[in-house]
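Below is one structure; the comments refer to it alone.
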Ligand code: PLP
């Protein structure tokens, strides 16, 4: 038989947070090493429990959640999502404007498949959550990266965005709060992004999965609020992060704005939803409970909360390492420190991360894995408790000390 090759469609598709670096970590584990995995934002292994009400709801519904549901999601979940956005100030959000998916991940790929044609350009931030770039490439579209400016708190550079718009540009992706940088955009920035979309007739795709993980005085602004009724806005969020149930796979996309102009696209999206039958039904039952009940996330992000304490510890400790600088994270579960290239002349940051892994048994993700433009950053997940995090950053500091002197 001839060699079986992957399809050409995958030629430009990458997803490095689970790529060769994880394979190397698994190889080391198989040899008996204990690896601290700080490469993905998976809360459960770090001792975070889902709210009890979510578990109770899933258990309660397990028996009669055996069948497929409506492809777009069960009614109570879709109503809860529509009402949630109404309570956040969005007008005219209806149950039929909500699609439930197996996490935001599935919806990102479904929406892009339904929306993008070969050669269409989609503006994606650099750095980004790499599923966005990979999923655009998979459709045959072209991800065009706009810069987020580290010197300006990792805010998107609006002038850079304007300069990259062509007649083929169809949409802009906004990730706020941001993975990997931890930035939370001000009202002016979100308005500015939406204004660009309005002026250039772009669809806004707002990935807001970290909307509830905010520190200190950070406030989250939904892009959809400013998109109003003249810019089509797709808002993505879900239960994975704020409700600590990544494994249950529950996310949604809320369509708002001039829906009457998007009927054809939405028909395509429904077709794709139909083709994959439905999202995990027991987890869909937890959506109403999650959105309507007590928001226990507030205990994790407040002054004594683990998410907050750990993020601040990581930010402080990283900045103490010579040649390392880190913008203060205002939300999400990550820090994205910079390694001064004068002090750390790194040619290939994936190799750098693998060297760190082999030497110190800590797995972080290289910055170019987030489509960052130079091999001078890495992303550290701030989920371990302070003792473990302190130890881990200490080991990273030791590694960097050796690197400086080699
Ligand atoms: N969007 C961003 C910005 C993320 O960081 C993640 C996961 O880390 C996702 C989407 C995917 O989340 P889900 O678990 O809902 O598929």
Item to check | Using alpha-carbon coordinates, inclination of helix 75-87 to the longest axis of the chain, degrees | outcome: 80
Checklist entry - If you build a Gaussian network model of the chain, linking Cα atoms that sit under 10 Å apart, which residue out of 351, 376, 387 swings the most? => result 387
Checklist entry - Alpha carbon centre of the range 294-349 versus the range 1-68: separation in Å? => result 23
Next on the checklist: Angle check, please: helix 306-320 long axis (alpha carbons) against the longest principal axis of the chain (alpha carbons), in degrees 0 to 90, nearest 10.
Outcome noted: 40
Checklist outcome for this item: The answer for the per residue Cα convex hull volume of the range 322-363, in Å³, is 91
Next on the checklist: Calculate log10 I(q)/I(0) of the chain for q = 0.08 Å⁻¹, where I(q) comes from the Debye formula with a single equal point scatterer on each Cα and nothing for solvent.
Outcome noted: -0.42
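Would you kindly state how much longer the chain becomes between residue 166 and residue 295 on full extension, computed as 0.36 nm times their sequence separation minus their alpha carbon distance, in nm to one decimal?
Details: separation 129, 0.36 × 129 = 46.44 nm, distance 4.24 nm.
Contour length minus Cα-Cα distance gives 42.2 nm.
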Next on the checklist: Students often get this wrong: which residues of the range 142-178 have the backbone nitrogen under 16 Å from the point 7 angstrom along Cα-to-C-beta of residue 373?
Outcome noted: 144-165
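Quick check: from the Cα gyration tensor, does the range 92-148 come out rounded (a/c under 1.5), prolate or oblate?
prolate
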Next on the checklist: Run the Debye formula on the Cα coordinates of the range 228-326, all scatterers equal and no solvent, and tell me log10 I(q)/I(0) at q = 0.23 1/Å.
Outcome noted: -1.18
Checklist outcome for this item: Per GNM of the chain with C-alpha springs under 10 angstrom, the most fluctuating residue out of 27, 306, 338 is 27
Item to check | Degrees, to the nearest 10: 349-360 long Cα axis against longest axis of the chain | outcome: 60
Checklist entry - What value does the range 52-292 have for Rg/Rh, both radii from Cα atoms and Rh as Kirkwood defines it? => result 0.95
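Let me know the shape class of the range 143-192, please: from the alpha-carbon gyration tensor, a ≥ b ≥ c as square roots of the eigenvalues, rounded when a/c is under 1.5, otherwise prolate if a/b is greater than b/c, or oblate.
Details: a/c = 1.78, a/b = 1.74, b/c = 1.03.
Since a/c reaches 1.5 and a/b is larger than b/c, the shape of the range 143-192 is classed as prolate.
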Item to check | Gap separating the Cα centres of the range 197-238 and the range 126-167, nearest whole Å | outcome: 15
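For the range 269-386, just say rounded, prolate or oblate: build the C-alpha gyration tensor, square-root its eigenvalues into a ≥ b ≥ c, call rounded for a/c under 1.5, and beyond that prolate if a/b exceeds b/c, oblate if not.
Oblate, since a/c reaches 1.5 and b/c is not below a/b.
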Checklist entry - How large is the helix-only mean residue ellipticity at 222 nm for the chain, computed as the sum of -39500 (n - 2.57) over DSSP H runs with n ≥ 4, divided by its residue count, in deg cm²/dmol to the nearest 500? => result -12000 deg cm²/dmol
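None of the figures in this text is laboratory data; all of them are computed from the coordinates on show. Since we're looking at a predicted model, the values are computed, not measured. Positions of Cβ are generated from backbone atoms using ideal geometry, with glycine treated the same way; all protein chains shown enter the neighbour counts.
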